[in-house]
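Working notes for the structure below.
The values are calculated or read from the model by the stated rules, or taken from the named source; none is laboratory data. Only a predicted model underlies this, so the values are computations on that prediction, with no experimental measurement involved. Here the Cβ positions follow ideal geometry from the backbone for every residue, glycine too, while neighbour counts run over all protein chains shown.
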Amino acid sequence: MGDHLSALGPNERAALAGGRSRLEKGHRRQLATVLGPVTVTRCALRGAGMTNLYPADAMLGLPHGRHSLGLRRLAVLEAARGSYDTALEAIDRSCGGRVVGKRQVEDLVRAAAVDVAAFYTARTPHPAPAGTLIVISVDQKGIVMRPGHLREATAKAAARARHTFRTRLSTGEKSCRKRMATLAVVHDAEQPVFALREAGLLREKTLYVHANGIGDDELKLIADSGATASATPGDEAGRLRRAGITTGTGVDTVAFAPGDMFSTMRAAHLAGQIAEDPSMTAKDILRMATLDGAAAMGLDDRTGSLRPGKQADVIMIRLDDLNMLTAERDPIAAVVTEAQPHNIDTVLVAGKVVKARGRLVHADLRRTAKALRATAAAVTGR
């Protein structure tokens, strides 16, 4: 800092110092951050009868208070998800210990909210076109009030209410102690693909996931751009394919659905039957899970089919298992509608055998399961 100030001209130094003539080193301040408590050492510009000026604070983007901007942002994000108590617990987990108290979290959130009204005033939207859908979302909740803030009629009802223990009331809570709070939000429901086109983001190398809420006119834009899609799965797969979009199958979330591709293919087959979509045959679904899936990811020049020049990604399925006996007549339909992960005998990835005789070759399943449980416990805090 001293070298930086020395490199400035006399007028520049005077403007920076604002009349402060002395540079003093070794000034320290404590800062609570997401990494824990930090001590910041910097220089001070001093002058008689003037408050100290710390140029490093501006250069480092340090706030005036004790809590860093990263910690303030974390407090706001966690408080928006639930109560202040749960926010404090989440901050403790993220920072590896207690770096801020509950009252400080409340103060940080209040400080972050002071510009909300000014923000929306500055962002007054322009009138939307007649074809734009306007959405109004309204939610109501009864908020427990202090007795002095109740309306007169509600206060009288609260005074008459007996001290009872009823369903949906917390222990010892009286009825007639709440006022209804209503929150309403009005926003435009702009069609997302049209918005991408207006922003110049409608590109070929884009993978659209789900796309089940997109209209036919938007599907045409996706098809014309050369982009691809992933059905995860559902009745949108048939619509995507009919629109001329290369579509693969994917797994949505293994917390609610199986993560293997066999289950995904069966779900796509069943969804096509429910939607009475005759265009979705077993052959189409197998192609979605293999070659079209690779094409959707931009990998069809390397994998997705058995062709000279591609890497040897091979899955070998046992056909002597009872559920696979129908493969003698229609192997494609058997793979799509009957096959299970336990039917897989051998797997090759880029020519390397990773599974043989139904068992993984280079894997320690017990160790992997233990690591996964430890990760789950760390995420959930249990």
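The table that follows gives values for the structure above.
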read-out	value
Matching residues in region 240-257 - criterion: being surrounded by 21 or more Cβ atoms within 10 Å (Cβ to Cβ), β-branched (Val, Ile, Thr) and within 24 Å of the chain's Cα centre (by Cα)	Thr247, Thr249
Looking only at region 269-284, and only at residues there that are surrounded by 14 or more Cβ atoms within 10 Å (Cβ to Cβ) and not in a helix (DSSP H, G or I), the one that is modelled with the highest pLDDT	Thr281
Residue that is nearest to Ile285 (Cα to Cα) [pool: residues in region 343-377 that are in contact with a Lys or Arg (Cβ under 9 Å, 6 or more places away or on another chain) and assigned to a helix (DSSP H, G or I)]	Asn343
Identity of the residue in region 222-239, modelled with pLDDT under 90 and under 14 Å from Ala296 (Cβ atoms), that ends up surrounded by the fewest Cβ atoms within 10 Å (Cβ to Cβ)	Thr232
Checking Pro331 against (1) in contact (Cβ under 8 Å) with a residue 40 or more places away in the chain; (2) surrounded by fewer than 17 Cβ atoms within 10 Å (Cβ to Cβ); (3) not acidic (Asp, Glu), the condition it does not meet	(1)
Residue count for region 63-90, restricted to those that are assigned to a helix (DSSP H, G or I) and either among the small types (Gly, Ala, Ser) or over 10 Å from Val105 (Cβ atoms) (or both)	12
One residue from Arg266, Arg287 being closer than 25 Å to Arg239 by Cβ, in the same structural domain as Asn212 (by TED's automatic domain parsing), touching a helix residue (DSSP H, G or I) at 6+ places or on another chain (Cβ under 8 Å) and surrounded by 14 or more Cβ atoms within 10 Å (Cβ to Cβ)	Arg266
Residues satisfying the stated conditions in region 292-312, i.e. under 19 Å from Pro331 (Cα atoms) and surrounded by fewer than 19 Cβ atoms within 10 Å (Cβ to Cβ)	Ser305, Leu306
Scan of region 237-293 for residues that are within 19 Å of Asn343 (Cα to Cα) and hydroxyl-bearing (Ser, Thr, Tyr), ordered by number	Ser263, Thr264, Thr290
Restricting region 16-41 to residues that are of a type in the set (Gly, Ala, Ser) and within 11 Å of Ser68 (Cβ to Cβ), the residue that is surrounded by the fewest Cβ atoms within 10 Å (Cβ to Cβ)	Gly36
